[in-house]
Amino acid sequence: MEILQNALKALVAREAIYFALLAIGLNIQFGYAGLLNFGQVGFSLLGAYGIAITVTTWGGSYWLGLGVGLAAAVVLALLLGLPTLRLRADYLAIATIAAAEMLRLGFRTPSATEITGGTQGLQGFSGEFYELSPFPLDKKYHPFGILFTGQELWLLTVGWTLVALLVLAVWLWGRSPWGRVLKAIREDEDAARALGKNVYWYKMQALIVGGVIGALGGAVQATATRSVDPDTYLPIVTFYAYAALILGGTARPLGPVIGASLLFALLSVTDSVLRDLTTGDNPVISSDILDSQAIAATRFVLVGAGLIALMAFRPQGIFGSRTEVSIDAK
Amino acid sequence: MPSNDIRAVDAAREAKVAAARDLSDVSHEPGVVKPDAILVVDGVRRQFGGLVAVDVDHLEFPRGCITALIGPNGAGKTTLFNLLTGFDRPQDGDWEFRPTADTAKKMRNVPAYRVARAGMVRTFQLTKALSKMTVLDNMKLAATRQQGERIWPSLLPFLWRAQDQAIEARAMELLARFKLDTKAQEYAGTLSGGQRKLLEMARALMTEPTIVMLDEPMAGVNPALTQSLLEHVKALRSDGMSVIFVEHDMDVVRDISDWVVVMAQGGVIAEGPPDVVSANPHVIDAYLGARHDEALPEVELGAPLADDAEAVREEIAAEIHETEKEAGQ
Amino acid sequence: MTTREGLLRWIIRALAVLIVGLSALAVGTPANAEGETLSGRMVISQTNEAVDGVKITVTTAAGEPVAALTSNKEGKFRTPLPGPGSYTVTMDPKTLPDGIELVDKSAVTKNVDVEPGGFQAVAFRLTDGSSLQPEKETQVFQLLFEGLRFGLIIAITAIGLSLIFGTTGLTNFAHGELVAYGAFAAWFVNVTLGAPLWLATLVAIVAGGALGALSEYGLWRPLRKRRVGLISALVASIGLSILMRHLLLIFVGGGTESYDVPAETETDYGLVSATQRDLIAMMICVVVLIGIALLLQRTRIGTAMRAVADNRDLAESSGIDVNRVILMVWIMGGALAALGGVLYGWTLDLRYDMGFALLLMMFAGVTLGGLGTAYGALLGSLLVGVIVQMSTLVLPNDVKYASGLAVLIGVLLIRPSGLLGKKQRVG
């Protein structure tokens, strides 16, 4: 029962919101336009630090900070897109992953401690957000038998509303002529170009919009944890988001959300099961064989194996249709 | 229906006659000046490393005609296409697009998408049907100046729905003409090779072009479809468009083109009406792969053509006369 | 001050102020009557300021605790030892004041061998984040040298990445893991099985080649057969990278490891100082790289590799067994990656995630040189190695990798085809 409840909580938890937002951004870039942004975590870092630095370091307002973070994401997208969007897809992949790592190293260096808090990160910047909460912050709520504090509930409400609005936007975009151009670019950008579409600019738009949504994800995550820590913005986060996106199905508005929720529910279940097996009086697996670090690592092993299996057998995702893919074979 | 077909055939014949009349006074030398050119190429040169892929001194494509661009493999036809449509950049040269008789646009350094918007649309040797989009979406994509293609208006369907419906109607009309209307909702990836060629041509027409540039439209198409493709190409001329197409098959060229430009080793070695050109020994040489250690000097090319010119012109005049008589009946 | 003195001062600082200083102290002091002693001092390299309150634990090689120490006001710590033998000294980086950290963050643990009656000094290099500034001019040459050493290791690993890209079109994000697996294969043979390092290196190379072949047989060839697109394959390579890296974490743990080799002091060669092991590693790199060049230029399989990279269809139609060539490329790439990993471990600590940091450096090198060109990868990697090391002249040590990544993005901005790459059609 506890396993199920953990899984249920993971379905709606802030982690799921975070990865859903990252993956929604990637869906526009990768799913619709075919762009390989491997530095989504860098955009998320900017969204988070935008608030943290504006509020904690400079004493500005939370909302100004949110704006700063999103604006920084636009700048990063322009900076990365300008040189690489005319080139083969891998160049963007390499440039984005490098830029994200560079940002992380730059933000965590002790020489930048005065601004970014160095390796310690920054805390205490989300007060203004929680002041708006209609739920008393410390009150306990039990929807569906799962325990949430008022603080959590407020964040989850805002977070999931944001996700819902963005899913709606992606749905509208996907059915619009704009979305049609993106799909055409994904299929064959020369064809789109020959039909008078400014491919470069469309790709840039997709990169910017997806990056800004990634930054929103970072902002939500930082607000939820009330802190930023440079070492949570590791490249693996981006790949988690890809795993969520591909699991849920690319180029579908709901794909990233289903994927993120499912991924975290699955991980939560495996985690609980493995921990159950290794603890207690008479563990099935001795904790000498599988310590807690190894359990954490096992989750990643499963994510990795899942990504390979999906790409090999169901590149359209769990819920994707088979027809689209069979066309590929021709 | 039959009367419609007859009318279409008539229209095509008339267009051919008109085109032939326009060109009947033009001499048959490479780089000759045409009375009403739609695309004028000057000194365009493209090198890949040490290899000269294209080196065209002067070339004019006539308006309202079907011009064939022929030549052996590696002659530089597709490269010239790529250059003219902005998909490649030359080291040197200029070209001018004249959408109407008295407007002219310099096209060098114009990006491919702007070339298409200006009215020069192209297709590709290997068809670029967008497989994971429906046939109808392929068509609708090509329409220009769509409100809904802008990122923010696209979120508000009421801003672009009316235009989208008009585009869809036009797309269905064109699909019907190309006998693809029953496939409208299917993924383009499910079409046969020939159908993809048709779709690509139909899609190009959605941009409402002035010049249609077809890169080997018949390549890989089964013979049953060839004839229908040819008719569609002729219909473009009847609708007032200029067509430039790359082709290998001399029979096809003879059948539908008004003017033929022959390329070899990057340069233009001969120009003229199809019959004249196919009789030119240098063209035959080039096709049969006869070895010339140096590029053929122009004088040498000009001479035999000039000899034949009188005869051919008479032939054409006779043909025109005959056609006019038929049309008059 | 004479140059000679300047050099000496620099060597003292750059290596470890403490080792030299305390060894001198040890020579000056008669051997401790009580027997073996271990001592050291916590001091910031830049300012020579003492750091107190740092917790240090000393254990025997078997893991039995010997002493728990804390550095005093002068930054010193000292403990008698129960006898000669191997000890492990571990410092707790969490007890360092804010903004102060180890120069090499992975070097929290030191292994020392104490001779009978010995006085063992232990040095932990600390930094306040500002750049280390010993004698500038000698440092330039030293960093250039270290950059070349690092660059050669990147080059050895990147050539495989580049060849795989050239022949199959795959940007292999799991290439860093081939490096890490090679390094740890040697570690297993060397430390766990107790074999000498040269043998461990050879075993690792063979294992690396086998791993390359395995990934081609087990994953990439089937994926090609299923006509999985290049982008899907790229995503699969990320999956493979995540999978391999965390499997390694499960088996070797998250700490740092190093090979079981005697500590070696650096020899002063005038402008630069280096250990013999460094020099041997560099020579191996140079010899191997020349060997690869000869293989590509002179042998049938090398020619076939270049042909497949140049135009796969043409190569296939002219009778080359493309699958066999690709298999050879994977074997070669895997073996080279493993060799690179081992040579990396000859001087630096191993960690389960070392491959990823190296992968980004490989990408930087390969892109700088020109994607898909073997010689470009070599040149680009050397430059990236040098740039990364030299950047510490002006940047804090812990962002030196960022400078390599900055180069990568800069190249993409200015000359995306790289230094030796063919200019690709853009637009």
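The values are calculated or read from the model by the stated rules, or taken from the named source; none is laboratory data. What you are looking at is a predicted structure, and each value in this text was computed from that prediction instead of being measured. Counting neighbours? That spans all protein chains shown, and the Cβs are built from the backbone with ideal geometry, glycine included. In case anyone asks, the SASA skips ligands and DNA or RNA and just uses the protein heavy atoms, side chains included. Shrake-Rupley method; radii C 1.70, N 1.55, O 1.52, S 1.80 Å.
To the nearest 0.05, what FRET efficiency results for C:ARG415 and B:LEU126 with a Förster distance of 30 Å applied to their C-beta separation?
After rounding to 0.05, the efficiency reads 0.50.
Projecting the Cα positions of A:ALA184, A:LEU70, A:THR109 onto the charge dipole of region A:2-328 (unit charges on Cβ atoms of Lys, Arg, Asp and Glu, taken about the Cα centre) puts A:ALA184 furthest along the positive direction.
Quantify how strongly other chains surround peptide B:114-125 by giving the mean number of their Cβ atoms within 10 Å of each of its Cβ atoms.
On the way: counts 3, 3, 6, 4, 1, 1, 2, 3, 4, 2, 4, 0.
For peptide B:114-125, the averaged partner shielding equals 3.
Shielding by partners for peptide C:348-356, expressed as the average number of C-beta atoms from other protein chains within 10 Å of each residue's C-beta, is 1. Seen through its C-alpha gyration tensor, with square-root eigenvalues sorted a ≥ b ≥ c, the protein assembly as shown comes out prolate because a/c lies at 1.5 or above while a/b is bigger than b/c. When the Gaussian network model of chain A links Cα atoms closer than 10 Å, the mean-square fluctuations of A:ALA260, A:ALA294, A:ALA16 top out at A:ALA294. Taking every DSSP beta bridge that has both ends in the protein assembly as shown, the antiparallel portion is near 70%.
If the limit is 31 Å between Cα atoms, which of B:LYS132/C:LYS225; A:LYS9/C:LYS94; A:LYS140/C:LYS94; A:LYS203/B:LYS34 go over it? Don't skip to the end; give the middle numbers.
On the way: B:LYS132/C:LYS225 21 Å; A:LYS9/C:LYS94 33 Å; A:LYS140/C:LYS94 35 Å; A:LYS203/B:LYS34 42 Å.
Check vs 31 Å cut-off fails for A:LYS9/C:LYS94; A:LYS140/C:LYS94; A:LYS203/B:LYS34.
Would you mind putting C:224-231, B:70-77 in packing order, based on average other-beta-carbon counts within 10 Å, highest first? Mind showing how you got there, number by number?
Numbers: C:224-231: 14.4, B:70-77: 20.9.
Ranking the peptides C:224-231, B:70-77 by packing returns B:70-77, C:224-231.
The angle between the Cα long axis of helix C:276-298 and the main principal axis of chain C comes to about 0°, on a 0 to 90 degree scale. For region A:2-328, give the magnitude of the charge dipole about the Cα centre (Cβ charges: +1 Lys/Arg, -1 Asp/Glu; no others), in debye to the nearest 20. That gives a dipole near 1000 debye.
How high is the FRET efficiency between A:LEU78 and C:THR60 when r is their beta carbon distance and R₀ equals 51 Å, given to the nearest 0.05? List each step's numbers first, then the result.
Values: r = 58 Å, r/R0 = 1.13.
E between A:LEU78 and C:THR60, to the nearest 0.05, is 0.30.
Given R0 = 41 Å, the distance between the Cβ atoms of A:ARG175 and A:ILE146 translates into a calculated FRET efficiency of 0.70.
Solvent exposure of C:VAL386, expressed as accessible area, is near 30 Å², computed with a probe of 1.4 Å over the protein chains only. Legend: mean number of C-beta atoms from other chains within 10 angstrom of residue C-beta atoms, peptide A:97-110, equals 6.
Taking the Cβ of C:TYR259 as the center, what net charge do the other residues with Cβ under 13 Å away carry, scoring Lys and Arg +1 and Asp and Glu -1?
Values: positive: C:ARG277; negative: C:GLU257, C:ASP260, C:GLU264, C:ASP349.
For residues surrounding C:TYR259, the net value is -3.
Count charges around C:ALA186 for me, please; just the other residues with Cβ under 12 Å from its Cβ, Lys/Arg as +1, Asp/Glu as -1. Numbers along the way, then the final one.
Details: positive: none; negative: C:GLU257, C:ASP260.
Once all neighbours under 12 Å are counted, the net charge is -2.
Please state the shape class of chain C: rounded when a/c is under 1.5, otherwise prolate if a/b exceeds b/c and oblate if not, all from the C-alpha gyration tensor. The shape class here is prolate. Put simply, the amide H of B:VAL260, placed in the peptide plane, has neighbours under 5 Å in B:ALA68, B:GLY272, leaving out anything fewer than 5 places away on its chain. Packing-based ranking of A:18-27, A:143-152 yields A:18-27, A:143-152, ordered from highest to lowest mean Cβ neighbour count within 10 Å.
Ranking of A:LEU302, A:LEU103 by solvent-accessible surface, largest first: A:LEU302, A:LEU103 (1.4 Å probe, protein heavy atoms only, all chains present).
Highest mean packing first, where packing is the average number of other Cβ atoms within 10 Å per residue, the peptides C:180-187, B:130-137, C:387-394 line up as C:180-187, B:130-137, C:387-394. When the square roots of the Cα gyration tensor eigenvalues are ordered a ≥ b ≥ c, the ratio a/c for region C:275-427 is 1.5 or more and a/b does not exceed b/c, which makes its shape oblate.
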